[in-house]
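Student: Handing you a structure now.
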There are 4 protein chains.
Amino acid sequence: MNLPTKMMAAVLYGMNDVRIVDREVPTPGQEEALIKIEACGVCGGDIKIITKGMPNQPPFGEFIIGHEYAGTIVALGDGIDEFKIGDRVAVEVHKGCGRCKNCLVGKYTVCLNYGNFDKGHRANGFTTNGGFAEFAVNHVNTICKIPDSISFDEATLITTAGTSLYGIDMAGGYVPGDTIAVLGPGAIGLMSVQCCKAIGAGKVILTGTRDDRLELGKKLGADWAINVKNGSPVEKIREITGGIGADLVLITSGSEDSLQQALKMTRRGGNITILAHFDEPVMADIGLAVKNGINLYTVRGEGRMSVHRALALMSQKKIDGNALITHTFALKEMNKALTTFAERHEGAIKVVVHP
Amino acid sequence: MNLPTKMMAAVLYGMNDVRIVDREVPTPGQEEALIKIEACGVCGGDIKIITKGMPNQPPFGEFIIGHEYAGTIVALGDGIDEFKIGDRVAVEVHKGCGRCKNCLVGKYTVCLNYGNFDKGHRANGFTTNGGFAEFAVNHVNTICKIPDSISFDEATLITTAGTSLYGIDMAGGYVPGDTIAVLGPGAIGLMSVQCCKAIGAGKVILTGTRDDRLELGKKLGADWAINVKNGSPVEKIREITGGIGADLVLITSGSEDSLQQALKMTRRGGNITILAHFDEPVMADIGLAVKNGINLYTVRGEGRMSVHRALALMSQKKIDGNALITHTFALKEMNKALTTFAERHEGAIKVVVHP
Amino acid sequence: MNLPTKMMAAVLYGMNDVRIVDREVPTPGQEEALIKIEACGVCGGDIKIITKGMPNQPPFGEFIIGHEYAGTIVALGDGIDEFKIGDRVAVEVHKGCGRCKNCLVGKYTVCLNYGNFDKGHRANGFTTNGGFAEFAVNHVNTICKIPDSISFDEATLITTAGTSLYGIDMAGGYVPGDTIAVLGPGAIGLMSVQCCKAIGAGKVILTGTRDDRLELGKKLGADWAINVKNGSPVEKIREITGGIGADLVLITSGSEDSLQQALKMTRRGGNITILAHFDEPVMADIGLAVKNGINLYTVRGEGRMSVHRALALMSQKKIDGNALITHTFALKEMNKALTTFAERHEGAIKVVVHP
Amino acid sequence: MNLPTKMMAAVLYGMNDVRIVDREVPTPGQEEALIKIEACGVCGGDIKIITKGMPNQPPFGEFIIGHEYAGTIVALGDGIDEFKIGDRVAVEVHKGCGRCKNCLVGKYTVCLNYGNFDKGHRANGFTTNGGFAEFAVNHVNTICKIPDSISFDEATLITTAGTSLYGIDMAGGYVPGDTIAVLGPGAIGLMSVQCCKAIGAGKVILTGTRDDRLELGKKLGADWAINVKNGSPVEKIREITGGIGADLVLITSGSEDSLQQALKMTRRGGNITILAHFDEPVMADIGLAVKNGINLYTVRGEGRMSVHRALALMSQKKIDGNALITHTFALKEMNKALTTFAERHEGAIKVVVHP
């Protein structure tokens, strides 16, 4: 393939200042591949980067955002035989340093050298350049081959599903027949509902404030969808579970009261996994966890190769990424894509950009 | 309900001597329920009891066999509010002593007081009377309520499915996307195939010697079914997995070479669970396990409340017990039922008896 | 042995009203033993019961408090062969129902039938009568035989040590070489320091506000003891760990800021176990846990037979219960014992009562 | 430091042909350090390499053997800030590829690219050059800083202790109060005894055939040492444990009957870890494991950073490496060192070579 030298990319020039500009096409190094990007999803993390910034991000004027992408391998650096040119692939975010105490035991999403490029860490779209561009370079560790049966658009959702799965994995992972409450019907919440059902959960209960999202949650497998505006979900979940509470609660919404609600709706001896980002301290009755022997797990993105598991479920049509994609835009319309997502125009859930 | 005082029961009078005789209907004690049995499945364990005997079994002339049964609660002893008369229920085998080092940490299938009735242990159909009878008494710990959508016949399969699930649970339990080989297409093997798929496994490969069973395995979800008469399954599984081997191997057949095969087809760092009973010592290259970091888990029946998980999957129609039921007989025909099962007449897989 | 029919006991007659009165000596039932109590420790839980009350406690005028006790078996109910008359024993608090979803998988401290005596649950000194009396009845599940090398006084500390160990167990249990911070130099904190060292922890850091307690902590094995009045322990722990933070933090103090401190001093990918009771909601930056992949475990008392492990460490002289006993009183002086403990007279840590 | 260009090294020229020859001092590459070796232990693995060979080993005439070594860092490649010149260090064997399914989840000792240097795997002394030389190059992942309180000789034992610890870790890791049987009083067995005691095990029982080794085992902490020549250790262990059996059995001897013995002496619900290498298939009654719910774990060397844990225990003087060192030789006497070890001259246990 004859590769161009220039490409279009969405570069962050400052707070709330994303520009579509020309950039050099990057060259893959040792153990890296160059991906021609076909689709890149907008995530809440992108909005946070644009509006507030994140630690360790590349400088303004250089930083190409975007971390949920899929495309075709068009060039390979040295030392890769896992992939070949022409492979259709999707990506995961985190490549750990491979040498710290966490990476060596498999916890690469919480690498102790997070943001330290020289020591081998990368989080494309966070601490290195990402996927709102025509091309991106990825380390072999962060690439998954996708089957022809999955579109590039849908494949961008494997990071979302990988996060859901990692959250379940953290809390034990084995849920057949369990009652699981999912707090928050955002993309991760809706995908969590699907993942729970795909791996045998019993009753799945989704809570939120927007009826359209809750309806979609039911279509995607939720057995109950509770609008918290109509009353406490705690009572309802107690009722559904014969007074006992949920075996597992997945918090996918960083709203002020979600932790407190979770503590009250989890059964004695049950578990909570927090997959949402809380920017502010929250007030919660942590004594309820102690009294009831509830453990709290946390997940920062998709670890333990969970994107590969997500891909397998997607290939088997057990989870549906397309159901969450409400809008697509060309890369030129990047700012419109961001606004549509951030302001939830026309019920936007997942917005995908096509470079 | 006006309960009879006499009932028909299949009683073991000696090796290979099962007689249908009249017995007193038992009375439920503290924390026990009396179940009017509607269906009881024949299991390999029954054949072993009849032909070889097992430790701690009740005396000849008293022992009512049968441990996979379902029916309706018709009387309750003191201290039960979990169930009421009229409830449709199925059972699990093991009720631990509740006081030994194993029971107290949740390992009730390997109770240290196994067979000690006075200390509270029971394994209905093994160490206490079982279900090939019109009525049986069960401790509250071994009863599961079944929904109307599940027939009594199908419900007898929850112990089979519970065993499969416990075997997967033992080896970590979290298998989305994993490649799992199931050795042996008996009832547990065929149910294991279904359970693996129901909880998100990737590729499931069934091996055996009988084409009809293997075909059924494919209908029930196996992605590959390998007849070992046509060549080594090890090679084929290596081929399917790109040379790496299976993530998990479930041994459900106690054939002489199944352990050795499993050791050779499991990937480096993978797991094996043995759910089959090996009566004789086997020769195996255990050094392969050490060299490849493979762990071996074992399961004696359905523990950790796995029958409840099995029931949940069955209620969701994610596993199908009916598919394994090939024959039904009246209790009077008990010996014909046993022969049909033991000699695999007419392709018998699961044979269910109706008292 | 000729048992008396009457005994002296400390009975709760109302809030802050403990009276030493005569009571019938109880009779052990099925699976129960009667213990002649030689020593019973005062615990923070007792103070809470006396000053605030707890759910499911026996009625005023009947409730004999006390849950950390040791003595000699003087009578046996039916069905016990684990013990014989004359055995020196100590106790654990929780006897689960043995039939709920939690008990059946080994989580008997969070029994779903907590407080339901009819269904078999007991927590002596909380929901049934306890040990500030000349005699008490215990279920076989809650009795541990103690060797002659351990005094009755010291043996009362196995519940304290069992709680520490269960807290470590919950967070993985395997800590050789790990850096562990223990927040709070109360009895559980000081025992946690000892337990951590006894099972191979690397650096153990104790924090608190009282210099005498911190000094004792150092004598008992803490490598550092930090008085939080002199500055943030977070900085100091970061310094000790080369900026990384503690692998595990054990919160044994329910002070308002202990959770927030723990979140800040735990390393990325590390764990926190909460062993303290928080009566009020706390404000904490839970986002730190998510960002850093920190899991939070909770412990309500000593589960998973941890008192047996505690006893083993005590027998090997790897943990020292005597070091925490500052005062002993006769049962007649019960109220003085309670005051001494609650108001920390003369540096009281563990106060033991001799019936 | 002015580094020489030539060094003395023990090179394998063919089966049973080790020669002390001159070699170029290697140059550390990216993420590598050059270590001036002060001590290198002889291990059973070395003997196996010399007498039988192992897969993926470097060619005859090039292969410098030795994998248990310690020394001082004398040069650093690019990209290392974890160490500085002059640091006293010891090593672990395995550096995984960092990119396969096993490495990414922390199982680097069973790297799927084992022996593939180009993909980043290294096992110094097995698949790349090792430590019977004046200098060796190590990847940053395989280097541990040692405190001044530990001699270079003793530090060579951290791989041995790391293997013991990893074996315990695999089987759950949390052993306070447990009864552990260690089969085989070789270096790993004797170190396992020490590690078990250092992390709180209750009774530790060592078995073997040589009285001097067994005596040493008792000095190092074993509560019992059983010479299997005097009768079955199974009976004795049943007796010690009141008929129940050992909670954990560590097999450190690859003798023909060790697995069968372990199966018979493990308690119902207990665990076995195999740390020995079995070259030949063994006959064993695996049905005992199934019947008794025993799981078997395997360990190939020291993983999960267990050498760091070993080092911590050694620094605290909780395990003693020196106790196992019976002989030291100069590098020139390499063949004498090998013979002394292999033929157990003068009761040789650990033989250390000083380059």
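Student: Select the strands (runs of 3 or more DSSP E) contained entirely in segment A:264-355, then report the ones holding at least 2 residues which are over 30 Å from residue A:35 (Cβ atoms) and of a type in the set (Val, Ile, Thr). It would help to see each step written out before you state the result.
Tutor: Working: elements: A:266-274, A:282-284, A:295-298, A:325-330, A:350-354.
Passing ranges, in order: A:266-274.
Student: Quick check: is even one residue across segment A:245-252 touching a strand residue (DSSP E or B) at 6+ places or on another chain (Cβ under 6 Å), more than 26 Å from residue C:291 (Cβ to Cβ) and part of a loop (DSSP other than H, G, I, E, B)?
Tutor: Yes, because at least one residue in segment A:245-252 is touching a strand residue (DSSP E or B) at 6+ places or on another chain (Cβ under 6 Å), more than 26 Å from residue C:291 (Cβ to Cβ) and part of a loop (DSSP other than H, G, I, E, B).
Student: A further question follows. When you go through C:296, C:275 one by one, which is the residue that is among the hydrophobic types (A, V, I, L, M, F, W, C) and without any contact (Cβ under 8 Å) to a residue 60 or more places away in the chain?
Tutor: Selected residue: C:296, the only one of C:296, C:275 that is among the hydrophobic types (A, V, I, L, M, F, W, C) and without any contact (Cβ under 8 Å) to a residue 60 or more places away in the chain.
Student: Does segment B:215-228 contain any residue that is buried (at least 20 other Cβ atoms within 10 Å of the Cβ), without any contact (Cβ under 8 Å) to a residue 12 or more places away in the chain and either in contact with a helix residue (DSSP H, G or I) (Cβ under 9 Å, 6 or more places away or on another chain) or not aromatic (Phe, Trp, Tyr) (or both)?
Tutor: No, segment B:215-228 contains no residue that is buried (at least 20 other Cβ atoms within 10 Å of the Cβ), without any contact (Cβ under 8 Å) to a residue 12 or more places away in the chain and either in contact with a helix residue (DSSP H, G or I) (Cβ under 9 Å, 6 or more places away or on another chain) or not aromatic (Phe, Trp, Tyr) (or both).
Student: How many of the residues in segment B:143-198 are surrounded by fewer than 24 Cβ atoms within 10 Å (Cβ to Cβ), more than 14 Å from chain A (Cβ to nearest Cβ) and assigned to a strand (DSSP E or B)?
Tutor: Qualifying residue count for the region: 1.
Student: Checking the conditions here, which among A:120, A:115 is within 12 Å of chain D (Cβ to nearest Cβ) and under 21 Å from residue A:57 (Cα atoms)?
Tutor: A:120
Student: Taking segment A:147-190 only, how many residues are farther than 21 Å from residue A:296 by Cβ and under 11 Å from the mean Cα position of the chain (by Cα)?
Tutor: Of the residues in segment A:147-190, 7 are farther than 21 Å from residue A:296 by Cβ and under 11 Å from the mean Cα position of the chain (by Cα).
Student: So which residues in segment C:215-232 are more than 20 Å from residue C:264 (Cβ to Cβ) and either assigned to a helix (DSSP H, G or I) or of a type in the set (Lys, Arg) (or both), if there are any at all?
Tutor: C:215, C:216, C:217, C:218, C:219
Student: Is it the case that segment C:301-316 has a residue that's more than 14 Å from chain D (Cβ to nearest Cβ) and at pLDDT 95 or above?
Tutor: So the first thing to find is which residues in segment C:301-316 are more than 14 Å from chain D (Cβ to nearest Cβ), and the list is C:301.
Now narrow it down to the ones that are at pLDDT 95 or above: none.
The answer is no; no qualifying residue exists.
Student: Ok, one more. Looking at residue A:208, is it away from chain C (no Cβ under 14 Å) and touching a residue at least 40 places away in the same chain (Cβ under 8 Å)?
Tutor: Considered against the rule, which asks whether it is away from chain C (no Cβ under 14 Å) and touching a residue at least 40 places away in the same chain (Cβ under 8 Å), residue A:208 comes out as yes.
Student: Picking from B:168, B:180, B:150, which residue would you name as being under 27 Å from residue B:102 (Cβ atoms) and of a type in the set (A, V, I, L, M, F, W, C)?
Tutor: None of the others qualify; the one that does is B:168.
Student: In segment A:312-355, what residues are of a type in the set (A, V, I, L, M) and within 15 Å of the chain's Cα centre (by Cα)?
Tutor: If the condition is that a residue be of a type in the set (A, V, I, L, M) and within 15 Å of the chain's Cα centre (by Cα), then A:314, A:319, A:324, A:325, A:349, A:351, A:352 are the ones that fit.
Student: Quick one: residue C:89 ticks every box in (1) under 19 Å from the mean Cα position of the chain (by Cα); (2) facing chain B (nearest Cβ under 9 Å); (3) under 12 Å from residue C:33 (Cα atoms) except a single one, so which number is it?
Tutor: Condition (2) is where residue C:89 drops out.
Student: Does residue C:337 meet the test of being surrounded by fewer than 24 Cβ atoms within 10 Å (Cβ to Cβ) and in contact (Cβ under 8 Å) with a residue 24 or more places away in the chain? Let's see the steps before the verdict.
Tutor: On the way: surrounded by fewer than 24 Cβ atoms within 10 Å (Cβ to Cβ): no; in contact (Cβ under 8 Å) with a residue 24 or more places away in the chain: yes.
No: the conditions fail for residue C:337.
Student: In segment B:98-111, which residues are of a type outside the set (D, E, K, R) and crowded, with 22+ Cβ neighbours inside 10 Å?
Tutor: Once the filter is applied, which keeps residues that are of a type outside the set (D, E, K, R) and crowded, with 22+ Cβ neighbours inside 10 Å, segment B:98-111 yields B:98, B:100, B:102, B:103, B:104, B:108, B:109, B:110, B:111.
Student: For segment B:344-355, check the following and say yes or no: at least one residue is among the aliphatic types (A, V, I, L, M), touching a Leu at 6+ places or on another chain (Cβ under 8 Å), closer than 15 Å to residue B:161 by Cα and crowded, with 23+ Cβ neighbours inside 10 Å.
Tutor: Looking for residues that are among the aliphatic types (A, V, I, L, M), touching a Leu at 6+ places or on another chain (Cβ under 8 Å), closer than 15 Å to residue B:161 by Cα and crowded, with 23+ Cβ neighbours inside 10 Å, one finds none in segment B:344-355, hence no.
Student: Would you mention how many residues in segment D:240-280 are surrounded by fewer than 24 Cβ atoms within 10 Å (Cβ to Cβ), out of contact with any Gly (no Cβ under 7 Å at 6 or more places or on another chain), modelled with pLDDT of 95 or more and at the interface with chain B (Cβ under 8 Å from one of its Cβ atoms)?
Tutor: Of the residues in that region, 2 qualify.
Student: Which residue is surrounded by the fewest Cβ atoms within 10 Å (Cβ to Cβ), if the candidates are limited to segment A:123-142 and must be more than 23 Å from residue A:51 (Cβ to Cβ), within 13 Å of another protein chain (Cβ to nearest Cβ) and not aliphatic (A, V, I, L, M)? Talk me through it step by step, then tell me what you get.
Tutor: We begin by selecting, within segment A:123-142, every residue more than 23 Å from residue A:51 (Cβ to Cβ); these are A:134-135, A:137-142.
Cutting the leftovers down to within 13 Å of another protein chain (Cβ to nearest Cβ) gives us A:138-142.
This time we only want the ones that are not aliphatic (A, V, I, L, M), so: A:138-139, A:141-142.
Numbers: A:138: 26, A:139: 24, A:141: 24, A:142: 21.
Of everything passing the filter in segment A:123-142, A:142 is surrounded by the fewest Cβ atoms within 10 Å (Cβ to Cβ).
Student: When segment C:92-108 is examined, which residues are found to be within 11 Å of chain B (Cβ to nearest Cβ) and either assigned to a strand (DSSP E or B) or in contact with an Asp or Glu (Cβ under 8 Å, 6 or more places away or on another chain) (or both)?
Tutor: C:92, C:94, C:95, C:99
Student: Another question about this same structure. Being surrounded by fewer than 24 Cβ atoms within 10 Å (Cβ to Cβ) and not in a loop (DSSP other than H, G, I, E, B) is the filter here; which residues of segment B:112-122 pass it?
Tutor: First, the residues of segment B:112-122 that are surrounded by fewer than 24 Cβ atoms within 10 Å (Cβ to Cβ): B:112-113, B:115-120.
Result: B:117, B:118, B:119.
Residue by residue, here is whether (1) modelled with pLDDT of 95 or more; (2) among the basic types (Lys, Arg) holds:
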{"residue": "B:2", "(1), (2)": "no, no"}
{"residue": "B:7", "(1), (2)": "yes, no"}
{"residue": "B:12", "(1), (2)": "yes, no"}
{"residue": "B:19", "(1), (2)": "yes, yes"}
{"residue": "B:23", "(1), (2)": "yes, yes"}
{"residue": "B:36", "(1), (2)": "yes, yes"}
{"residue": "B:40", "(1), (2)": "yes, no"}
{"residue": "B:43", "(1), (2)": "yes, no"}
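Student: Based on this model, can you work out whether residue C:217 counts as more than 14 Å from chain D (Cβ to nearest Cβ) and modelled with pLDDT under 95?
Tutor: So residue C:217 does not fit the description; no.
The values are calculated or read from the model by the stated rules, or taken from the named source; none is laboratory data. None of the values given here were measured: they were computed from a predicted structure. Heads up, the Cβs are rebuilt from the backbone with ideal geometry, glycines too, and the neighbour counts pull from every protein chain shown.
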